[in-house]
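For reference, the structure discussed in these notes is given below.
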Amino acid sequence: MSGPGAVSAPARYAGGVPLVEVVRSGFVESTHRGSLVVLGADGTCREQLGDVTSPVFPRSANKPLQAVGMLHAGLRLADPADLALVCASHSGEDFHLARVAALLRCVGLTEAALRCPPDLPMGEAAAAAVLRAGGGPSRLQMNCSGKHAGMLLTCRAAGWPVEEYWHPEHPLQERIRDAVQELAGEPAAAVGVDGCGAPVLAVSLTAVARAFLRLVSGQPGSVERTVADAMRAYPELVGGTGRPDTRLMRAVPGLLAKVGAEGVLAVAVPQVGAVAVKVDDGAMRAAVPPVVAALRRLGVSDDDAAEPALAQLAGAVVVGGGQPVGTVRALR
């Protein structure tokens, strides 16, 4: 295979173990397999389930690492809320779209400069509102538009051409790749095309957890800490109303969280540790419960203020006849 969709041939992800079960009316009707790694505050592996050393595509969980690369390349944002949006897989709510549009205007660009594909908002309520108003897909509404706006602003700051900014050989993407690999502590095993059209780098789940731990453990004022602080200060901009990473960051003081497509979720808490999960079948409903369970094993639930919110996140509700009849729960 050749062309922009080509990838190298990395070691194959071996797959995971049963992580989550779906219980309906007391009957286990489904099981999700996956892999999970838990690191302590010192970066050592506390627990591993499934394959945590072969490469996977973290998808949008790479965005905070990509933002570090943009800052190293010259991106400067006066408002940390804008940096949170650069790290976002946003729901396409009005406050997301207005801020992305404002970012583009500040460097004389419009939505037409974005190379993410047109889409409806990721959030169900936002998408329904667009359709009720007679609207349709747009690049601005695509959940990665904040990241793409950040890439365009970085090109302007560095004096690079904005044309083809999403191509892997563009100097912007080279700088981003360097940052991701440095934070991950391992070389990217493959370069693919993400859903938004930008490059996505394959690294292991252990590398993802390691990188998130480095973000929250950075010295105040460092580029890594600047990204983590922005996301934690504005979790609604990172995700949106009701989104799992937004809820996790609201639930646990100091926690950094980012979801990625195909069942990826990474979290880190300073002086506590980090967790990363990959659900084999890509179901996001199965990503949150094992992460919450792992956070509890790390002692996060000892915080009385955090536990009620964690309890709500620990298992998605299974509905029958419009009523709760079961749950999606971690197996350990």
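Screening Ala84, Ala67, Ala102 for residues that are open to solvent by 30 Å² or more (accessible area, probe 1.4 Å) and either part of a helix (DSSP H, G or I) or aromatic (Phe, Trp, Tyr) (or both) leaves exactly one candidate, Ala102.
Number of residues in the stretch 126-159 that are of a type in the set (A, V, I, L, M), part of a helix (DSSP H, G or I) and under 23 Å from Val193 (Cα atoms): the value is 4.
Only one residue in Gly50, Gly26, Gly40 is surrounded by fewer than 14 Cβ atoms within 10 Å (Cβ to Cβ) and either more than 20 Å from the chain's Cα centre (by Cα) or at pLDDT 95 or above (or both), so which one is that? Unique residue meeting the criteria: Gly26.
Of the numbered criteria (1) open to solvent by 40 Å² or more (accessible area, probe 1.4 Å); (2) in contact with an Asp or Glu (Cβ under 7 Å, 6 or more places away or on another chain), the one Ala126 fails is (1). Within the set Ala189, Ala251, the sole residue that is under 30 Å from Ala314 (Cβ atoms) and in contact (Cβ under 8 Å) with a residue 24 or more places away in the chain turns out to be Ala251.
For the stretch 217-236, give me each residue that is open to solvent by 10 Å² or more (accessible area, probe 1.4 Å) and either part of a loop (DSSP other than H, G, I, E, B) or closer than 23 Å to Phe57 by Cα (or both).
Scanning the stretch 217-236 gives Gly218, Gln219, Pro220, Gly221, Ser222, Glu224, Tyr234.
Starting from the stretch 137-162, keep only residues that are within 24 Å of Met122 (Cα to Cα) and open to solvent by less than 40 Å² (accessible area, probe 1.4 Å), then list their pairs with residues that are in a helix (DSSP H, G or I) and of a type in the set (S, T, N, Q) whose Cβ atoms are within a distance under 8 Å, requiring at least 6 positions of separation or different chains. Close Cβ pairs satisfying both conditions: Asn143/Ser60; Cys144/Ser60; Lys147/Gln66. Condition first: over 17 Å from Val37 (Cα atoms), touching a residue at least 60 places away in the same chain (Cβ under 8 Å) and open to solvent by 10 Å² or more (accessible area, probe 1.4 Å). Can you find one or more residues in the stretch 298-311 that meet it? Within the stretch 298-311, one or more residues are over 17 Å from Val37 (Cα atoms), touching a residue at least 60 places away in the same chain (Cβ under 8 Å) and open to solvent by 10 Å² or more (accessible area, probe 1.4 Å). Checked against the criterion of being in contact with an Asp or Glu (Cβ under 6 Å, 6 or more places away or on another chain), closer than 21 Å to Val86 by Cβ and not in a strand (DSSP E or B), the stretch 258-278 has no qualifying residue.
The values are calculated or read from the model by the stated rules, or taken from the named source; none is laboratory data. Please read all numbers here as calculations on a predicted model, not as lab measurements. All Cβ positions, glycine included, derive from the backbone under ideal geometry; neighbour counts span all protein chains shown. These accessible areas exclude ligands, DNA and RNA; they are computed on the full protein's heavy atoms, side chains included. Shrake-Rupley method; radii C 1.70, N 1.55, O 1.52, S 1.80 Å.
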